[in-house]
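What follows is a structure written as structure tokens; I'll ask about it next.
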Amino acid sequence: MSESPPPPSTPALPFDVAGYVEAVSAAIGLPIPEETRDGVIDNFERIWQVARPVVEFPLPDDLETAPTFEP
């Protein structure tokens, strides 16, 4: 059997996810049990991978928002 290719490398996140989870959970009064903390951090890292193309999509500086949304 041939081996699967390695997964693409994921670039470093632009912020400290563990620190963010800790700060936000404290700010909103939501304790995160120690046994689930690593899973919460992993999920935030996955969320970044999904959101990254949208966040990094280049927009022109003179872009104006539409006054109403019409699908």
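For ILE32, list long-range residues whose amide hydrogen, built 1.01 Å from N in the peptide plane, is under 5 Å from its own amide hydrogen.
none
Using the Karplus equation 6.51 cos²θ - 1.76 cosθ + 1.60 (θ = phi - 60°), what ³J(HN,Hα) coupling, rounded to whole Hz, does each residue of region 26-43 give in order, writing x for Gly and Pro?
Values, residue by residue: 5, 5, 9, x, 10, x, 10, x, 3, 6, 10, 4, 4, x, 5, 4, 4, 5 Hz.
Now a separate question. Please give the contour-minus-distance gain from GLU34 to PHE69: 0.36 nm per residue of separation, less the Cα-Cα distance, rounded to one decimal in nm.
8.3 nm
Then there is this: By average Cβ neighbour count within 10 Å, what is the ranking of 25-35, 59-69 from highest down?
Packing proxy ranking, top to bottom: 25-35, 59-69.
All of the numbers you see were taken from the coordinates with simple rules; none came from a lab. Being a predicted model, the structure only gives us computed values, none of them experimental. Heads up, the Cβs are rebuilt from the backbone with ideal geometry, glycines too, and the neighbour counts pull from every protein chain shown.
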